[in-house]
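Read-outs throughout are calculated quantities, based only on the coordinates presented, and are distinct from any laboratory measurement. Here the structure is a predicted model, which means the values were calculated and not measured. Cβ sites come from the backbone with ideal geometry, for glycine too, and all protein chains shown count toward neighbours.
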Amino acid sequence: METITLNIQNKAIKEKIIRFLEDFVKSDIEITNIEDLKDLMLIEEAKKENEENIPLDKVLKEYGIED
C-alpha cells in the first residue's frame, strides 16, 4: 500500500479533491482524515498500556468542552 498526505489550506479545493477521490474509493482506495488517524493511534496506544478507560464526560469536562 502507498500513502499520500495532502495539506490543503483552502476548504473549497479540499472539497473538490475529496469529490475527485471518492470515485476511486470503489477501487480499493481508502481516504482517512489525519485527525481521525491520530485519534485511532492514541486509542491503540492506550489499549497497549492496559490502563483503565476514562469516561468521555470526564475528559470533556477536563478540557472545558462540557459543563
Here the qualifying pairs (Cβ atoms under 6 Å; residues six or more apart or on different chains; first in segment 37-50 and more than 24 Å from L6 (Cβ to Cβ); second not in a helix (DSSP H, G or I) and not polar (S, T, N, Q)) come out as none
Which residues, taken from segment 27-36, are exposed (fewer than 10 other Cβ atoms within 10 Å of the Cβ) and not in a loop (DSSP other than H, G, I, E, B)?
E35, D36
Matching residues in segment 7-26 - criterion: being part of a loop (DSSP other than H, G, I, E, B) and surrounded by 10 or more Cβ atoms within 10 Å (Cβ to Cβ)
I8
